[in-house]
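What follows is a short report on a single structure.
The values are calculated or read from the model by the stated rules, or taken from the named source; none is laboratory data. Note that the coordinates shown come from a computational prediction; the quantities given were computed from them, not determined experimentally. Backbone-built Cβ (ideal geometry, glycine too); neighbour counts: all protein chains shown.
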């Protein structure tokens with residue numbers, strides 16, 4: 001059975017680090033449905049309020065990703081559907097299909113700020129309201145869709161990786177109900 005395991009969440013919340021660790025443990029491909037530059041384009045459409053175009057682009061990118069990876073037994077994704085949903089009003093969500101398992105990664109805003117600064121991408125004060133909004137959107141979506149969550153401000157990557165692997169074993173790749181990991 002083919003499984004798509006997605007790690008979604010705000011920038012600098014640990015999704016890429018956790019996703020890579022899980023992919024490595026599973027011997028699976030680690031990739032993103034969003035080619036370079038497409039994330040910036042999605043955000044630009046969101047900031048401009050062009051939701052129909054944003055939804056159409058997200059659907060096209062995700063469909064292309066599914067087709068490109070149809071033969072893979074397991075694919076671990078750095079971002080997927082929830083990242084598009086976070087930018088869209090709820091009315092557009094029915095156009096998007098959640099993957100088999102989604103883990104919404106989160107971190108406290110001070111940790112996000114510190115991680116972004118360490119990457120050389122320091123957040124400016126005027127960007128903080130938007131960052132707070134997106135953090136809240138991801139939390140809301142995790143709750144609304146009963147998705148798994150992983151808080152990288154509280155738990156180490158190794159602890160979270162171990163818990164995600166246990167979750168995948170217990171659910172055979174299908175999310176039964178959302179809960180905090182670990």
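A count restricted to the stretch 129-154 and to residues that are farther than 18 Å from residue 79 by Cα and touching a strand residue (DSSP E or B) at 6+ places or on another chain (Cβ under 8 Å) stands at 1. Residues of the stretch 83-114 that are in contact with a strand residue (DSSP E or B) (Cβ under 6 Å, 6 or more places away or on another chain) and under 23 Å from residue 156 (Cα atoms): 83, 101, 102, 103, 104, 105, 106. Somewhere in the stretch 30-51, is a residue under 24 Å from residue 155 (Cβ atoms), touching a strand residue (DSSP E or B) at 6+ places or on another chain (Cβ under 6 Å) and either without any contact (Cβ under 8 Å) to a residue 12 or more places away in the chain or not in a helix (DSSP H, G or I) (or both)? Checked the stretch 30-51: at least one residue is under 24 Å from residue 155 (Cβ atoms), touching a strand residue (DSSP E or B) at 6+ places or on another chain (Cβ under 6 Å) and either without any contact (Cβ under 8 Å) to a residue 12 or more places away in the chain or not in a helix (DSSP H, G or I) (or both).
Does residue 112 meet the test of being modelled with pLDDT under 95 and farther than 18 Å from residue 147 by Cα? Before you say what the answer is, go through the steps one by one.
Values: modelled with pLDDT under 95: yes; farther than 18 Å from residue 147 by Cα: yes.
So residue 112 fits the description; yes.
Of all the listed residues (61, 57), the sole one being in a helix (DSSP H, G or I) and either surrounded by fewer than 18 Cβ atoms within 10 Å (Cβ to Cβ) or within 14 Å of the chain's Cα centre (by Cα) (or both) is 57. Could you look through the stretch 160-182, keep only residues that are at pLDDT below 90 and more than 18 Å from residue 3 (Cα to Cα), and pick out the one that is surrounded by the most Cβ atoms within 10 Å (Cβ to Cβ)? Filtering first and then ranking leaves 181. Inspection of the stretch 2-18 identifies no residue that is in a helix (DSSP H, G or I) and more than 26 Å from residue 117 (Cα to Cα).
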